[in-house]
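Quick notes on the structure that follows.
Readers should treat all values here as calculations from the given coordinates under stated rules, not as data from a laboratory. Fair warning: this is a prediction, and the values are worked out from it, not measured in the lab. Cβ coordinates were reconstructed from backbone atoms using ideal geometry, including for glycine residues, and neighbour counts include every protein chain displayed.
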Amino acid sequence: MIRHLLVLSTAAALFAAAACSKPAAAPAAPAHPNLSGSWVRPLGDREVGGLPPVNEIPLTPWAAAKFKAERPAAGENQDFANTTDPSLRYADPNGYPRISLHPMRFKLVQTDDYVYQLWEYNQNWRQIALNVPPDPDPAITWYGNAVGKWEGDTLVVDSVGYKDSTWLDARGLPHTQDLHLVERIHRAGENLAFDITFEDPGAFTKPWAAHLIFKPSPEGSMTENIYTISDELRFRERFLQQKVTIPIRR
Amino acid sequence: MRSSMSCVVAGTVAALLVCTSALAHHGAASIYDMTKETTIKATVTEYVWTNPHTELGISLSGGTKTELLLELGSPPNIRNRGWTSRTVKAGDAVTVTFHPGLRGAKIGVVIKLVTADGKELHA
């Protein structure tokens, strides 16, 4: 009898609880599109865009003279043997956005507080802090100081604090430490688009823009591709018969 | 006729891929004769999976000494085209097509390699 009463009271309590509770809410839709994934600008793909021709970039006289004096390793005025490209001569980090112009992958990892961009090339990375004000006194670094916020489906990234020894691309496009980039990153169909505005009063007479497209990489895992000064000098010794004047790993 | 045209087209595409790949690091035209293609049977003497470009040493006489040093793309780029760090090893017989070095330099940039078991890989 007691057992019977217990069962009845338990059932009544469960019924009452069920009657009082609201129906389970459906999962909330994500507030922003998910940009995470592996992205690449495939070799030879004409759809992926790039920085404009140099004659369409409004260089200041200083920048024009600096560009003319550089000796890139590839392209129109190439001089691989005697290049002034800091990424080859000193194995310096590429800086931004040059590193994204490689035909190698990067991963975008999106969290609530940060977006991380992880490049296959040299295992370099940058972080974009979300919903925080720009640092009023940013350190000068290879990959700058970036903050971002969402405007609808677009992640708007504002960055400053770039070391001026890097080139903006492999052609030798210069900039100063006052470089200011505004990037609008968004989905474009299955692709990822970066619309980048370049401002730098020392290097450009007015702002200019570039449009880069990245395609989903079918291969998610990234290959180690760390490039050192020993690698570069060894290549030069073996392929160009250039004399190596510092100790290197062989 | 059709097949020879296909070969020309395929060769052009392959050359463009190699050019683009090589240009990622250096101006290939300053080191190699990009208008010329050479195909030879050779023995692998070394295969180094490294930056800035993977290296392939070959011997034309079947020996163990590198007589011709060839480069491929960077590891991530050639991995996308089916290469691994163990695709070939010293002693393997291969047929390799490459742009030869300028001014008689004993170097080259690989366009295509066919392994002893017939596997064809583009660099």
If a residue has to be β-branched (Val, Ile, Thr), part of a helix (DSSP H, G or I) and within 14 Å of another protein chain (Cβ to nearest Cβ) to count, how many in the stretch A:30-75 make the cut?
1
Identify, by number, the condition in (1) away from every other protein chain (no Cβ under 14 Å); (2) in a loop (DSSP other than H, G, I, E, B); (3) buried (at least 18 other Cβ atoms within 10 Å of the Cβ) that residue A:212 doesn't meet.
(2)
Filter the stretch A:71-107 down to the residues that are acidic (Asp, Glu) and more than 23 Å from residue A:163 (Cα to Cα) and list them by number.
A:76, A:79
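So that you can scan it fast, the table gives a plain yes or no per residue for (1) under 25 Å from residue A:103 (Cβ atoms); (2) of a type in the set (Ser, Thr, Tyr):
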{"site": "B:64", "(1), (2)": "no, yes"}
{"site": "B:69", "(1), (2)": "yes, no"}
{"site": "B:75", "(1), (2)": "yes, no"}
{"site": "B:83", "(1), (2)": "yes, no"}
{"site": "B:90", "(1), (2)": "no, no"}
{"site": "B:97", "(1), (2)": "yes, yes"}
{"site": "B:103", "(1), (2)": "no, no"}
Just to be sure I understand, how many residues within the stretch B:99-123 are out of contact with any helix residue (DSSP H, G or I) (no Cβ under 9 Å at 6 or more places or on another chain) and in a loop (DSSP other than H, G, I, E, B)?
5
Members of the stretch A:125-157 that are over 23 Å from residue A:30 (Cβ atoms) and either surrounded by fewer than 19 Cβ atoms within 10 Å (Cβ to Cβ) or touching a residue at least 60 places away in the same chain (Cβ under 8 Å) (or both)
A:125, A:133, A:134, A:135, A:136, A:137, A:138, A:139, A:140, A:141, A:142
So is residue A:164 of a type outside the set (Gly, Ala, Ser) and farther than 21 Å from residue A:203 by Cα or not?
no
Could we say that residue B:67 is within 14 Å of chain A (Cβ to nearest Cβ) and either in contact (Cβ under 8 Å) with a residue 60 or more places away in the chain or crowded, with 18+ Cβ neighbours inside 10 Å (or both) here?
no
Taking the stretch A:227-250 and the residues there that are in contact with a strand residue (DSSP E or B) (Cβ under 9 Å, 6 or more places away or on another chain) and outside any helix (DSSP H, G or I), the one that is surrounded by the most Cβ atoms within 10 Å (Cβ to Cβ) would be A:227
Considering (1) surrounded by 19 or more Cβ atoms within 10 Å (Cβ to Cβ); (2) hydrophobic (A, V, I, L, M, F, W, C); (3) in contact with a helix residue (DSSP H, G or I) (Cβ under 9 Å, 6 or more places away or on another chain), say which one residue A:115 fails and leave the rest.
(3)
Looking at the stretch A:90-149, what strands (runs of 3 or more DSSP E) fall wholly within it and have at least 3 residues that are charged (D, E, K, R), more than 13 Å from chain B (Cβ to nearest Cβ) and touching a Pro at 6+ places or on another chain (Cβ under 7 Å)?
none
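Could you list, in sequence order, the residues of the stretch A:215-233 that are closer than 21 Å to residue A:86 by Cβ, without any contact (Cβ under 8 Å) to a residue 24 or more places away in the chain and either hydroxyl-bearing (Ser, Thr, Tyr) or at the interface with chain B (Cβ under 8 Å from one of its Cβ atoms) (or both)?
Within the stretch A:215-233, A:230 is the sole residue that qualifies.
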Given the conditions (1) within 14 Å of chain B (Cβ to nearest Cβ); (2) touching a Gly at 6+ places or on another chain (Cβ under 9 Å), report the number of the one that residue A:238 does not fulfil.
(2)
Of residues in the stretch A:78-88 being in contact (Cβ under 8 Å) with a residue 24 or more places away in the chain, farther than 23 Å from residue A:39 by Cα and more than 9 Å from every other protein chain (Cβ to nearest Cβ), the one farthest from the chain's Cα centre (by Cα)
A:84
Against the condition under 16 Å from residue B:112 (Cα atoms) and surrounded by 21 or more Cβ atoms within 10 Å (Cβ to Cβ), how does residue B:73 come out, does it pass?
yes
Which condition breaks for residue A:172 when tested against (1) more than 13 Å from every other protein chain (Cβ to nearest Cβ); (2) touching a Pro at 6+ places or on another chain (Cβ under 6 Å); (3) assigned to a loop (DSSP other than H, G, I, E, B)?
(1)
